[in-house]
Structure formats: C-alpha cells, structure tokens
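See structure below.
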Amino acid sequence: MKRDFLALSQFTKAELDAIFALTKELKQKQKSGVEHHLLKGKTLAMIFEKSSTRTRISFEVGMYQLGGHPLFISSKDSQMGRGEPIKDTARVMARYCDGVMIRTFAQETVEEFAKYASIPVINGLTDLHHPCQIMADLFTVIEHKGSYQGLKFAWIGDGNNMANTWIEAAAIFGFDLTLACPEGYDPDPTVMAWAKTNGTSKIEVVRDPKAAALEADVVNTDVWASMGQEEEQKIREKAFAGYQVDNALMAVAKEDAIVLHCLPAHRGEEISDEVIEGWHSVVWDEAENRLHVQKAIMATLMK
C-alpha cells in the first residue's frame, strides 16, 4: 500500500523516528562518499506552483544521489497551468513516474493529487503545512542537542505553515512548544484542536515574544509575509513590530539555545543579522539537512 507524506499527522512517532535514523545513515554515507543508490532507475516528478531555491535543489540533488532521476515541472509550463483537472494530471503522471513532490498553495491540491495518484506524493510546501522542513529542523536539533526530548521550543512570528507543522510535531514527539504570535495571526485552529486531541505536550500561544523565548532551548522564526502575501508587507511590518529574534530576545533563552530559520531570511525584520550570523545560529546546518531528510523520506516511500 502506498504512503504519502502530506502532513506529519499522518505518521506515528516511531515512523518519523525511523526516518531520522535513515537520515543519519544516508548523511554519513554521503559525507564518506559511499554510494547509496536506493532509488536507482526511479523517477521523481517535481511540480512547482511556488518558486523555490532550497526545495528544488535539495530534492533534485537528493534524487540524483539516490540513483534516480528528478523531473522539474513548472505549473505554468504544464497542462495543470492551463486548467487540466488535478485528478487527470495525477492519474497520468502515476503512469510515468515513481513519485511526485508538489510545492503549491492549497493543501487541498496535494490531497486531491494524492487521492488520484497511485504513487507516493510528498508535500514540498503548502500554505497549511511544511512537513519536510520541520523534519529537517528536528533532525538539526537532534544533531546539536542529542535529542528533542525534554527541550522547550519557541516559535516567534506568524502562525503560518511552519507554525502549524511545529504544533503537529510537538503533539507527536511530546515536547513543549510556546508560540508568540500577534493578535490576528494565530496558527490554524483545526491544527491546534488536532494537537490537543492527539498529544499531551504543552502547546500554547502567547503575545509576548520574550515570554515564549524564556528559558527556551530552541528558538525558531520565519518571514513575516510569506509567498502570496507580499501585498500585506507594510501591514504585517506594523503588526510584527517587536517580534524580531535579536540579541535582546536571545538573552532570555537558555545560554546554549540554538536558532532556526527555514530561509529565505529578511534580515532586520524577523531576525537580526547578528543572530543569524552568530553562534546561536544553526541555520546553515538546518538548510543542508533538507537534503538528507528528504532523501530518507523519498527512500522510505519509493523503495
């Protein structure tokens, strides 16, 4: 039976931990130059309705390192961009390829595609969830802290797709999470309700960024205006004033706290240049780990 990777809530803690274990193994092999062609002869279609740097490069390089072939498809250059029903594209693509990664706006798009495709579908990003990124983030935490267990996580900023997926992760893995979001920019209420029903960890939303970061082991943030929200930039700059991850905020976190950012970063807005370039930052390890985690996800689903 095929498995899709559309949201973390589709998986158990044991299943996700197994992906972390495979990630560690594949990263070690890649660093040692050991061939690991687990997907030799297989093809991954990569559909992009949203532009990308890290998602495209990490999936494309990852598929190549696994011995397979990546196929870039821009929606504007395909029949999907001209109005072909998603279910028609999904059925046909499943006859050609062994897996599909989609980076798009609506979560409903990847869910419909997965419903009609007989091959695994991976969510490369939607407006609701960003599961591959959070898996890379958590793997980075494991590398730097030894484990995610017993740590306090803080999210500073918009209650966006990243915040939603962090909430799912907290419920699944059992760590405490405090999110500092301005009024009107809270995470998705359906996601919060799912987390409260399916987890026992402490997850709360506050308005004070320093209250969220207090004694935190991991501090995380993202841009104030995501793709598709550019026209709201000026409004959001006012709403998010005081929500910058800077040295003053990090002073209330634990001394050895690490800082995450999924990138691209707007330095001087959600994060200061001093912090992203400082010793708290593990942003570049985090970006690299997109490659290794996604290889493990692809290998798990497509072998």
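Readers should treat all values here as calculations from the given coordinates under stated rules, not as data from a laboratory. The shown structure was predicted, so the numbers you read here are calculated from the model rather than taken from an experiment. Here the Cβ is made from the backbone with ideal geometry for all residues, glycine too, and neighbour counts use every protein chain on show.
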Could you work out how far apart the two model spin labels at Ser118 and Phe72 are, taking each label as a point 7 Å from the Cα in the direction of the beta carbon, and quote it in nm? 3.1 nm
Pairwise FRET efficiency - Trp284 versus Arg207, Cβ, R0 = 41 Å, nearest 0.05: 0.85
Under a Cβ-Cβ cut-off of 13 Å, what is the net charge of the residues other than Glu277 that fall near it, where Lys and Arg count +1 and Asp and Glu count -1? -2
Test of understanding: in a Gaussian network model of the chain with alpha carbons linked when under 10 Å, which of Met250, Met101, Met135 would top the mean-square fluctuation ranking? Met250
Given the pairs Lys24/Lys196; Lys27/Lys50; Lys13/Lys196; Lys115/Lys196, which are separated by over 25 angstrom at their Cα positions? Lys24/Lys196; Lys27/Lys50; Lys115/Lys196
7 Å from Cα along Cα→Cβ at both Ala193 and Lys29: what's the point-to-point distance in nm? 4.3 nm
With R₀ set to 41 angstrom, the calculated FRET efficiency between the beta-carbons of Lys238 and Phe105, to the nearest 0.05, is 0.95
I need two numbers for region 191-236: Rg to one decimal and Dmax as a whole number, Cα atoms only, in Å. 14.4, 38
Extended-chain gain in nm, criterion 0.36 nm per residue less alpha-carbon gap, Lys40 and Glu15: 6.7 nm
Value of [θ]222 nm, deg cm²/dmol, for the chain, DSSP H segments ≥ 4, -39500 (n - 2.57) each, nearest 500: -13000 deg cm²/dmol
Go through 125-134, 28-37 and give me the packing order, highest mean Cβ count within 10 Å leading. 125-134, 28-37
If I model region 1-153 as equal point scatterers sitting on the Cα atoms and use the Debye formula, what is log10 I(q)/I(0) at q = 0.17 Å⁻¹? -1.06
How many percent of the alpha carbon pairs in region 86-134 exceed a separation of 15 Å? 38 percent
Residues of type aspartates and glutamates that Lys2 reaches as a straight line, Cα spacing below 13 Å, ignoring anything fewer than 8 places off in the same chain: Asp98
Taking the chain as a Gaussian network, Cα atoms linked when under 10 Å apart, which of Arg54, Arg95, Arg236 shows the biggest mean-square fluctuation? Arg95
Report the Stokes-Einstein translational diffusion coefficient (µm² s⁻¹, integer) for region 1-86, Rh taken as the Kirkwood radius over Cα pairs, at 20 °C with viscosity 1.002 mPa s. 142 µm²/s
Longer than 27 Å from Cα to Cα, which of Lys202/Lys254; Lys202/Lys295; Lys254/Lys295 are they? Say none if no pair is. Lys202/Lys295; Lys254/Lys295
Over its alpha-carbon atoms, region 133-286 yields an Rg and a Dmax in Å of 14.2, 41
Starting from the exponent 0.38 and prefactor 2.2 Å, build the expected Rg for the chain from its residue count and divide its actual Cα Rg by it. 0.97
Cα centroid of region 124-203 to Cα centroid of region 236-262, whole Å: 16 Å
P(r) of region 236-303 in 5 Å steps, Cα pairs, percent per bin? 3, 15, 22, 19, 14, 11, 7, 6, 3, 0
